[in-house]
Every structure is written in structure tokens, then in C-alpha cells.
1. Hey, what's the chain come to in accessible area per residue, 1.4 Å probe, Å²?
2. Rounded to the nearest 20 Debye, what is the dipole magnitude of the chain about its Cα centre when Lys and Arg each give +1 and Asp and Glu each give -1 at the C-beta?
3. Order of 61-70, 1-10 by packing, highest average Cβ count within 10 Å first?
4. If each of residue 29 and residue 61 carries a label point 7 Å out from its Cα toward its Cβ, how far apart are those two points in nm?
5. Provide the descending list of Cα extents for the range 3-82 along its principal axes, expressed in whole angstroms.
6. Where the accessible area of the chain is counted over protein heavy atoms with a 1.4 Å probe, how much of it, in %, is carbon and sulfur?
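The values are calculated or read from the model by the stated rules, or taken from the named source; none is laboratory data. Quick caveat, the model's predicted, so the values are computed rather than measured. Here the Cβ positions follow ideal geometry from the backbone for every residue, glycine too, while neighbour counts run over all protein chains shown. All accessible areas refer to the heavy atoms of the entire protein, side chains included, with ligands and DNA or RNA removed. Shrake-Rupley method; radii C 1.70, N 1.55, O 1.52, S 1.80 Å.
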Amino acid sequence: LALADTFRGAEGAERFATVLERLAEQVRERALAAAAVRAGVAVDRWAALWERLTALPAEVDAVNLDRADAFWSVIADLKAAARL
């Protein structure tokens, strides 16, 4: 909650992009690991999440979405991908 509260303003936009960039790096590693063991469905899910994470900061700024809401949506997607 404390992290999501820091996403306001210009500095918050930069912080939001950085957090999503770091998450995207980790998700990319998960996708590559799943591909290495030929886990087809897992690869698809992690790859789709990676694509979303890399595009989300620009989408949020373009449509002026709430960054905290977008962040919590990403967290829900991460939980769903991890359950697979």
C-alpha cells in the first residue's frame, strides 16, 4: 500500500515505470525458465504478462489511468500467473 501511494505526480510516474520495469525483468526470467522446460501454457501466461508489464506505463500515461489501480491489477495478474 505504501508503494502504491508513491505513484502520484511526475516523480510517481517515474517510480511506477521503474517498478514495472523491474517486475517485467523477473517475469521475463520466469517465461524463459518455463520455455526451457517446455511448459507451454506457463510460457504463454508469463509471456503475455511480460508484454503487459512493458506496455502498461505508456498506456497508463496515455489514458491518464490511476497508477495505483494499474499496479494492483498487475499484482492480481502476477498472482494468477504464479498459481499456474
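1. Working: 5520 Å² over 84 residues.
About 66 Å² of surface per residue is accessible.
2. Numbers: 11 positive and 13 negative charges, 91 e Å.
The calculation lands at about 440 debye.
3. Working: 61-70: 13.5, 1-10: 11.5.
The most tightly packed comes first, giving 61-70, 1-10.
4. 2.6 nm
5. Cα spread of the range 3-82 along its principal axes, largest to smallest: 42, 21, 17 Å.
6. Details: 3020 of 5520 Å².
On the chain, the fraction of accessible area on carbon and sulfur atoms equals 55 percent.
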